[in-house]
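The values are calculated or read from the model by the stated rules, or taken from the named source; none is laboratory data. Since we're looking at a predicted model, the values are computed, not measured. When we count neighbours, we look across all protein chains shown, and the Cβ atoms used for this are built from the backbone with ideal geometry, even at glycine. Side chains are part of the model used for accessible areas, which takes the heavy atoms of the whole protein and leaves out ligands, DNA and RNA. Shrake-Rupley method; radii C 1.70, N 1.55, O 1.52, S 1.80 Å.
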Amino acid sequence: MGSDPQHAKYPDLSLAQDIFNLSTPSLTSLHPASASKLANSIKENKQASLYRYLAHPDNGILAQKGSTEAAKLLPWDESLYEELKKANEEALSAFDSEAKEAEEKAGESEVVDAMSKKAEYLAQAADKVSALKAYEELILKTPTLGVKIDIVLAIIRLNMFFDDKLGVKEGIDRAKQLVETGGDWDRRNRLKAYQGLHLLSIRSFAEAAPLLLDSLSTFTSTELCDYDQLVIYAVLAGIISLPRVDFKAKVVDSAEVLTILASRKDDTSHNVTTESGVTGFSALESLVNSFHLCLYKDFFVALAQVEELFLSKDRLLAAHRVYYTREMRRRAYAQLLESYRVVGINSMADAFGVTEDWLDKDLSKFIPSGSLNCTIDRVGGVIETNRPDEKNKQYREVIRQGDQVLTKLQKFGQAVRLRGSERN
């Protein structure tokens, strides 16, 4: 199993969600709670750098991205900033003195311990630049492979906290190299969850789904998110990317997914909720079941609920909300059309609970690009599928390859004749 993970406590990624809430004007109902949580964390953990990053009137992100009301909830106080900054300087000075004393009077392990305390303090304070520098210095001094992996995972989380996707990718590549040189089972599994969340954040759902679904049975990376949230991520990645057979086996019939959806759907304490009382898990369960059972009216309702309750409010997925709902509609259309050669527009519109005009316009977004293999005959009032014939496709491929072979043989024959004429 290896040693217990180190450097796994900071930064607190739940604060990253609060930063997203507060900097998103459309989430005004969440602003007061997120502002309060951030204000308390800034004061308790002496997060001077984070306070400046958020609230500074000239270059703070609330002034740049958030609304005026959000900035008022976390106002800039120069005296508070100076107080926090002074506390940081005193703490860092104490860590430096401890490291220097350990270097003069104690052994290498004591020096590493002092450096570890400094790096964790900076990560807790959400001072990205200083924390990354401290972790890089620490990794050079650390002799143990497992702890080196833990430090790189901490670097990844720092970049996740500040939504630095390039930094996250570089960190994951670095961690993979270390794990391949002898990382233990637990750290391999933790890295799988890190990869899955990163791929989810960059819209690589097909690559994220197997990693997240595999992580469900061995999940220990609670520093990233809680288990319930991981299930939501895994299900959303699976339903949009997996083939129907795999979707049934890995999502619909998954013991881990079933356990969470069944136990949480009526428990509002574990869900994102609206004033109407609809819970995120209930909507998610409905999305899974309606898509699998081809109940397309219910599917459209559930998709709208999942978009409102979760996609639009999640820091990893909000940027992909429009793409996600569009692609899920396309998958549902394709799934229905697979069963028919010709289907009436009115029949299909009724199946999805929409008007014929709306369906016509929505299908027209996918047909020109080849995302849906069908044509619309408005005069006849039907939709005709034109799935490519597999045998014709294979025949054309054989002809193409045969032409290539004949061309090569002709060139070879010409070369042989030329060489023969040279000898004569």
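Look at residue 231 and say whether it is out of contact with any Pro (no Cβ under 8 Å at 6 or more places or on another chain) and closer than 18 Å to residue 310 by Cα. Judged against the criteria, residue 231 is a match. Among the residues of segment 217-234, write down those that are more than 17 Å from residue 13 (Cα to Cα) and surrounded by fewer than 21 Cβ atoms within 10 Å (Cβ to Cβ). The answer is 217, 218. Per the listing 23, 97, the residue uniquely open to solvent by less than 30 Å² (accessible area, probe 1.4 Å) and on the phi < 0 side of the Ramachandran plot is 23. Take the conditions (1) under 32 Å from the mean Cα position of the chain (by Cα); (2) surrounded by fewer than 20 Cβ atoms within 10 Å (Cβ to Cβ); (3) assigned to a helix (DSSP H, G or I); residue 138 misses just one of them, which is (2). When each of 316, 284 is tested for being of a type in the set (A, V, I, L, M), buried (at least 17 other Cβ atoms within 10 Å of the Cβ) and outside any helix (DSSP H, G or I), the lone residue that passes is 316. Is it true that residue 82 is among the acidic types (Asp, Glu) and open to solvent by less than 60 Å² (accessible area, probe 1.4 Å)? Considered against the rule, which asks whether it is among the acidic types (Asp, Glu) and open to solvent by less than 60 Å² (accessible area, probe 1.4 Å), residue 82 comes out as no. Scanning segment 188-200 for residues that are surrounded by 20 or more Cβ atoms within 10 Å (Cβ to Cβ) and either modelled with pLDDT of 95 or more or within 13 Å of the chain's Cα centre (by Cα) (or both) yields 193, 194, 195, 196, 197, 198, 199, 200. Would you confirm whether or not segment 165-176 contains a residue that is open to solvent by 10 Å² or more (accessible area, probe 1.4 Å) and under 22 Å from residue 62 (Cα atoms)? Yes, because at least one residue in segment 165-176 is open to solvent by 10 Å² or more (accessible area, probe 1.4 Å) and under 22 Å from residue 62 (Cα atoms). Within segment 328-355, how many residues turn out to be free of Cβ contacts under 8 Å to residues at least 24 places away in the same chain and more than 22 Å from residue 241 (Cα to Cα)? Within segment 328-355, residues that are free of Cβ contacts under 8 Å to residues at least 24 places away in the same chain and more than 22 Å from residue 241 (Cα to Cα) number 4.
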